[in-house]
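The structure under discussion appears below in the form of structure tokens.
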Amino acid sequence: TSNSHAYIKNQIINNLNKFNSVEFDFTQSTNDKIELGNCILLFTGKIKCLYNNGNKQFILNGEKLAIIQKRYEKIFYYPASKSPLLNILNKDQLIKIIRKGEINNEDKEKIKLVYREKDNRDIVVFFNKKNLNLMGWETIDQFNSKVIFLINIKSINNFYSDEKFEINTSN
């Protein structure tokens, strides 16, 4: 199995190297709360998510991580350096996770790759078994809540300017 797992990892990495950006719909579940929306991800560590209710945005622009609550015109900042998302959203870091992680291939539709961080927290990344595309991830957030973020890719390799990832309440 280690040879087949190494082969699968190489195939996932080869596929991932074709992606510079991804636009996708998502389903996020945190504890018992489910939220839906759309995101743009640049594999340089930038992501912008708009939640379907229109009142919430999540932006990680490489430097800052912010949750914008439009209803209250408030921006909540969190240290990006402590977010496990940096490891998933940066292609080089994600490739390291793929190389070092353990594959669980039991699910019929997805490959589950588990990577243990230095603080003994697991980052779980999901890939589609058929096309090896990223399907989502599971992490523990700053509040020790389990977050499952499943994605459905809509388009790949579109161009998005850096202004798209600026943090302000008017976006």
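The values are calculated or read from the model by the stated rules, or taken from the named source; none is laboratory data. Everything numeric in this text was worked out from a predicted model, so none of it was measured. Cβ placement follows ideal geometry from the backbone for every residue including glycine, while neighbour counts extend to all protein chains displayed. Keep in mind that these areas ignore ligands, DNA and RNA; they rest on the heavy atoms of the full protein, side chains included. Shrake-Rupley method; radii C 1.70, N 1.55, O 1.52, S 1.80 Å.
Within segment 64-75, one or more residues are under 20 Å from V125 (Cβ atoms) and open to solvent by less than 40 Å² (accessible area, probe 1.4 Å).
Counted as qualifying within segment 9-79 are the strands (runs of 3 or more DSSP E) with 2 or more residues that are under 14 Å from the mean Cα position of the chain (by Cα), namely 21-30, 33-42, 46-51, 56-61.
Within segment 81-140, restricting attention to residues that are over 19 Å from S2 (Cα atoms) and of a type in the set (D, E), the residue that is most open to solvent (accessible area, probe 1.4 Å) is E109. Please work out if Q93 is polar (S, T, N, Q), closer than 30 Å to K129 by Cβ and touching a helix residue (DSSP H, G or I) at 6+ places or on another chain (Cβ under 6 Å). It is true that Q93 is polar (S, T, N, Q), closer than 30 Å to K129 by Cβ and touching a helix residue (DSSP H, G or I) at 6+ places or on another chain (Cβ under 6 Å). Within segment 160-168, one or more residues are outside any helix (DSSP H, G or I) and open to solvent by 60 Å² or more (accessible area, probe 1.4 Å). Only residues that are without any contact (Cβ under 8 Å) to a residue 60 or more places away in the chain and either basic (K, R) or in a strand (DSSP E or B) (or both) were counted across segment 114-138, and they come to 16.
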